[in-house]
Amino acid sequence: MTATTLSRTAEKETTLHWSRVVGTGLIGGVVAIYVGLVGMIEALAGRVVITGLLTTGQVILLGVYLLMSYQAAQKLTGADAKAGPLSVVAGALAGLIISIMLALLVVIGQQINLRAMFINASPRLWELLTLGRGVPTGLVLLMALGAVLGALAGGLALLPSRLRRAVSLGLVAVPIVSILNTALFAGRGVSALGALLIFAFFTAISYGWSSVGGQARERVAALPSGQQRLLKMIGWSAVALGALALPLLGPYPSEIIDTVGIYVLMGLGLNIVVGFAGLLDLGYVAFFALGAYTIGILTSPEITWLPLHLTWWEALPIAILVGVISGTLLGIPVLQMRGDYLAIVTLGFGEIIRLIFLSDWLKPLVGGSNGITRIPRAVPPPQGFSDQQVLWYIVLAGIVVAAYIATRLKYSRIGRNWMAMREDEDVAQAMGIDLVKTKLLAFATGAALSAVGGAIFATKLTSIYPHSFNLLVSINVLAVIIVGGMGSIPGVLVGALALVGLPELLREFAEYRLLVYGAVLVFMMLKRPEGLLPEARRKLELHEGEEV
Amino acid sequence: MALLQVDDIHTYYGAIHALKGISIHVDKGEIVTLIGANGAGKSTTLNTICGVVHPRHGTITLEGEEIHRLPAHEIVMRGVAQAPEGRRVFGRLTVAENLEMGAFTRKDKEGIKRDLERVYALFPRLKERQKQLAGTLSGGEQQMLAIGRALMANPRLLLLDEPSMGLAPILVDLIFDTIKEINAQGTTVLLVEQNALMALSIAHRAYVLETGNIVLSGTGKELLNNPEVMKAYLGVE
Ligand SMILES: Nc1ncnc2c1ncn2[C@@H]1O[C@H](COP(=O)(O)OP(=O)(O)OP(=O)(O)O)[C@@H](O)[C@H]1O
Ligand SMILES: [Mg+2]
């Protein structure tokens, strides 16, 4: 029995799937062509990542090469067997295929005018793809480069997993740091030497941490509990100080951070509804809108039919209350609905709220498409600081409170109820869980947090319009928690940084935002369905039986 | 007074008249079984008792108290627990968490601990697999878990819906032995079964259900020897 299993694994190691390698290379080629034809490479060619060496457009192409060649190298034998040096060959082959396909595109593009269909199939793109050397020199160069890149990616597969992870992290860090530098501090990318240093730094840190981290954690675990708590406190204080210092980056970064923060806040709320309770709510923007409009109506001097003109702080509790009530009211009719039906009804609800605010009928009250303007700031900024910088502290307070509530709820009895309900409503009920109360509580809590997000949003922009509250907001928040890791609280933070923060930084991306969203989501669902920073439980479920 | 008295209940699913006047009773300490063909209304009867669906007519009383209008969670609090058909365990919770969920309505920490020990004693296999996700248990283990989870409510009345469904003969024997054991420890059991032979042989009394009506009742022995039952449910000509 054991003998046969053994021989079978041995056999498996020797089967090489070259056709899969070619297939992966072809897919990579299609992706690369696609990226070229939608204009990403051109649009991002102006943004420098490494001075005189790499632009953002090239980095994207590079990413396609490395990722797909690496995949190809792994496909050669399947995940559990090592191909040895052959994986370098496989990577090179895949890289070469990608280059050949791009080269074909250039050749065809120069013969036939593709611009009737693909407006970005321009001479500029051909120039970029041939590295400015023209046909045929550039094409030869492209293929050679493709093969080399592929070989490097294939070589990555040879490294021990710890080193591989460290190197990958270092590679990813270079463009991120560079983009941050450009976007936030008006820099122009980083120099080649700088890039090398960044790469070395992150690789070393990651590698060092993976060897020392485990030991350190063990040693900490061995400490007496008093000291452990002290260490934890120091850690948290550092995080807190970092968070408090963020506005020092400047007014423009602060604005981005505020936006990310609002999404974190909403993500935390939706995470309760979808992640904990398993109720797929696609109308989450409704409560965001209601929170914002409540603030608008109660605080703006424009509103003459209700001359309360409260301060933002006075209006905030009312906005939260409106959130809770509307969340509950939406919850009641959908109590009996499950899964896809619930999704559709809530989706409709979100649109209805937006249309109501847009309607002529309510125009005298909420301004129709003109919205409400002149919403006061929550806190007047001190000398030398911008409103956006000060607002961060309100956002931060909101996040801290929301994270606290979410954590407490998750590990409480209510959290257990949600989990059981998510698993099987009927049985949960038969166990003695009051479904009505449990569901409404999830809706109401989620809605309240969304309303807070809306309230902050209103004072951030000081004016609100119905079109700010479209379906896309709901989808964005949902994508944030899916990418971050459904049900995971730190995951929300990571998801918001990745999906809201990065696109804000890469302004040129704006046009491709949805495209990238789609691609990222598909990729995540295939490769890492549990999200970037998953809840321990989900990880257990989705990767059971895989080697760790 | 009977522990459970079901009196002329009619249950509908929309226009479908699933139960057409069912009357049964279960006395304290008994094992009572409900047998019948597919679609006869056995699961519906159990679901009506535990409040997952509500009867349009008729009454259900638990030690004299009417319960048929109560929501499911309140019926659980009164000591009725069900192991539903098809071993619906919480797949993405661990074995231990599933059992904890069973004790959901209870506050007595000591009692819960004692019952956990009891369940683990009845099903040692569950103890070995405490940390495993319930969805990855084998079918038989899931059935044990479903029964164990119901027991964690420390019920006065345990409702079991086809506990032997899809199990190998040796496991069926184990499950039925355990049901007897649970009953001997003082829990009253209302058992729905396709495996009429096994069910009748451990039951004190039994009812035969056909398309929403009770057509026969008697002690387990009587029904085992009843020619109609033999022909229809035991496959004996
Ligand atoms: N949720 C439902 N909606 C509509 N009809 C239902 C529903 N549940 C059960 N029924 C119908 O009610 C009748 C009784 O079903 P029930 O599940 O009680 O049968 P059963 O005796 O448990 O059968 P089995 O032995 O196959 O489990 C069947 O005709 C079934 O189709
Ligand atoms: Mg049934």
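The values are calculated or read from the model by the stated rules, or taken from the named source; none is laboratory data. The structure presented is a predicted model; accordingly, all values stated were derived computationally and were not measured. Glycine also receives a Cβ, built like all others from the backbone with ideal geometry; neighbour counts cover every protein chain displayed. Quick note on the areas: whole protein, heavy atoms, side chains included, nothing else; ligands and nucleic acids left out. Shrake-Rupley method; radii C 1.70, N 1.55, O 1.52, S 1.80 Å.
Have a look at the range B:83-101 and report residues whose accessible surface goes down by 40 Å² or more when the remaining protein chains are included, against the chain on its own, probe 1.4 Å, ligands and DNA/RNA excluded.
B:Arg88, B:Phe90, B:Arg92, B:Leu93, B:Glu97, B:Met101
Give me the dipole magnitude in Debye, nearest 20, for the range A:12-158 about the Cα centre, with unit charges on the beta carbon: positive for Lys and Arg, negative for Asp and Glu. Each step should come with its number before you reach the end.
Values: 8 positive and 4 negative charges, 10 e Å.
Value, rounded to 20: 40 debye.
Which residues, if any, in the range A:426-445 lose at least 20 square angstrom of accessible heavy-atom surface (probe 1.4 Å) when the other protein chains sit next to their chain rather than the chain being alone?
Correct list: A:Asp426, A:Val427, A:Gln429, A:Ala430, A:Met431, A:Gly432, A:Ile433, A:Asp434.
With unit charges on the beta carbons (Lys and Arg positive, Asp and Glu negative) and the dipole taken about the Cα centre of the protein assembly as shown, which residue among B:Thr59, A:Ser225, A:Gly95 sits farthest to the positive side?
Checked the options; the winner is A:Gly95.
Ignoring ligands, DNA and RNA, please state the percent of accessible area on chain B from carbon and sulfur, probe 1.4 Å.
Details: 5140 of 9980 Å².
The value for chain B is 51 percent carbon and sulfur by accessible area.
Going from most exposed to least, what order do A:Ile176, A:Ile456, A:Ile97 have by accessible area with a 1.4 Å probe?
On the way: A:Ile176 75, A:Ile456 0, A:Ile97 25 Å².
Putting A:Ile176, A:Ile456, A:Ile97 in descending order of accessible area: A:Ile176, A:Ile97, A:Ile456.
Skip the ligands, DNA and RNA, and give the accessible area per residue of chain B with a 1.4 Å probe, whole Å². Please report the intermediate quantities before stating the final value.
Values: 9980 Å² over 237 residues.
That works out to 42 Å² per residue.
Taking all protein chains as present, what is the carbon and sulfur share of the accessible area of the range A:12-158, in % to the nearest whole number, probe 1.4 Å? Numbers along the way, then the final one.
Details: 4810 of 6730 Å².
Roughly 71 percent, rounded to a whole number.
Considering only the other residues whose Cβ falls under 15 Å of the Cβ of A:Gly371, what net charge follows from Lys and Arg at +1 and Asp and Glu at -1? Don't jump to the answer; show the numbers that get you there.
Numbers: positive: A:Arg354, A:Lys363, A:Arg374, A:Lys460; negative: A:Glu302, A:Asp360.
Within the 15 Å Cβ shell, the charges total +2.
Other chains near B:70-79: what is the mean number of their Cβ atoms within 10 Å of each residue's Cβ? Let's see the in-between values first.
Numbers: counts 0, 5, 9, 11, 2, 3, 5, 1, 1, 0.
Per-residue shielding by partner chains comes out at 4.
May I ask for the angle, rounded to the nearest 10°, between helix A:413-423 and the longest principal axis of chain A, with both axes built from Cα atoms and the value confined to 0 to 90°?
Taking Cα atoms only, the helix is inclined about 50 degrees.
Which value, in debye to the nearest 20, describes the size of the charge dipole of the range B:94-154 about its Cα centre when Lys and Arg Cβ atoms bear +1, Asp and Glu Cβ atoms bear -1, and nothing else is charged?
Working: 11 positive and 8 negative charges, 17 e Å.
My answer is approximately 80 debye.
Assign one of three labels to the range A:359-418, namely rounded, prolate or oblate, based on the Cα gyration tensor with a ≥ b ≥ c the square roots of its eigenvalues; rounded applies when a/c is under 1.5, prolate when it is not and a/b is larger than b/c, and oblate otherwise.
Working: a/c = 5.45, a/b = 1.34, b/c = 4.06.
The shape class here is oblate.
Would you work out which of B:Ala83, B:His17, B:Ser164 lies farthest towards the positive end of the dipole of chain B, given +1 charges on the beta-carbon of Lys and Arg and -1 on that of Asp and Glu, about the Cα centre?
Looking along the dipole axis, the top candidate is B:Ala83.
Rolling a 1.4 angstrom probe over the protein heavy atoms, how many square angstrom per residue are accessible across the range A:12-158?
Numbers: 6730 Å² over 147 residues.
I get 46 Å² per residue for the range A:12-158.
Could you state how much accessible area B:Ser164 has, in square angstrom rounded to the nearest 10, with a 1.4 Å probe and all protein chains kept in place?
Looks like 10 Å² after rounding.
Considering only A:Ile108, B:Tyr233, A:Val520, whose Cα is most displaced toward the positive end of the charge dipole of the protein assembly as shown, charges sitting on Cβ of Lys, Arg (+1) and Asp, Glu (-1)?
Value computed over the given set: A:Ile108.
Over all directions, average the projected area of the Cα convex hull of the protein assembly as shown and note it in nm². Please report the intermediate quantities before stating the final value.
Numbers: hull surface 175.2 nm².
So the Cα hull casts an average projection of 43.8 nm².
Normalised by the residues of chain A, what does the relative contact order come to in percent, with Cα pairs under 8 Å and at least six apart? If you can, show how the numbers build up before the last one.
Numbers: 836 pairs, mean separation 84.8, N = 548.
Relative contact order of chain A: 15 percent.
For A:Tyr263, A:Tyr207, A:Tyr341, write out the residues from largest to smallest accessible area, computed with a 1.4 angstrom probe and no ligands counted. Show your work: numbers first, answer last.
Working: A:Tyr263 35, A:Tyr207 90, A:Tyr341 160 Å².
Greatest to least solvent exposure: A:Tyr341, A:Tyr207, A:Tyr263.
Using the alpha-carbon atoms, what tilt in degrees (0 to 90, nearest 10) does helix A:18-37 show relative to the longest principal axis of chain A?
Tilt of helix A:18-37: around 60 degrees.
Counting heavy atoms of the protein chains only and a 1.4 Å probe, report the per residue accessible area for the range A:249-542 as a whole number of Å². Let's see the in-between values first.
Details: 11860 Å² over 294 residues.
For the range A:249-542, the solvent-accessible area averages 40 Å² per residue.
Buried accessible area between B and A (1.4 Å probe, both chains summed, ligands and nucleic acids excluded), in Å² to the nearest 100?
Numbers: alone 11090 and 27400 Å², together 36270 Å².
Interface between B and A: roughly 2200 Å².
About its Cα centre, how strong a charge dipole does the range A:388-441 have in debye, to the nearest 20, once Lys and Arg get +1 and Asp and Glu get -1 at the Cβ? Walk me through the intermediate numbers first.
Working: 7 positive and 5 negative charges, 54 e Å.
With Lys and Arg at +1 and Asp and Glu at -1, about 260 debye.
Which sequence of A:Tyr404, A:Tyr65 reflects their accessible areas, 1.4 Å probe, from the largest down?
Working: A:Tyr404 135, A:Tyr65 10 Å².
From most exposed to least exposed: A:Tyr404, A:Tyr65.
For B:His54, tell me the accessible area in Å² from a 1.4 Å probe, rounded to the nearest 10.
We get 90 Å² for B:His54.
Determine how large the accessible area of A:Lys232 is when every protein chain is in place; take a 1.4 Å probe and give Å² rounded to the nearest 10.
Approximately 140 Å² of A:Lys232 is accessible to the 1.4 Å probe.
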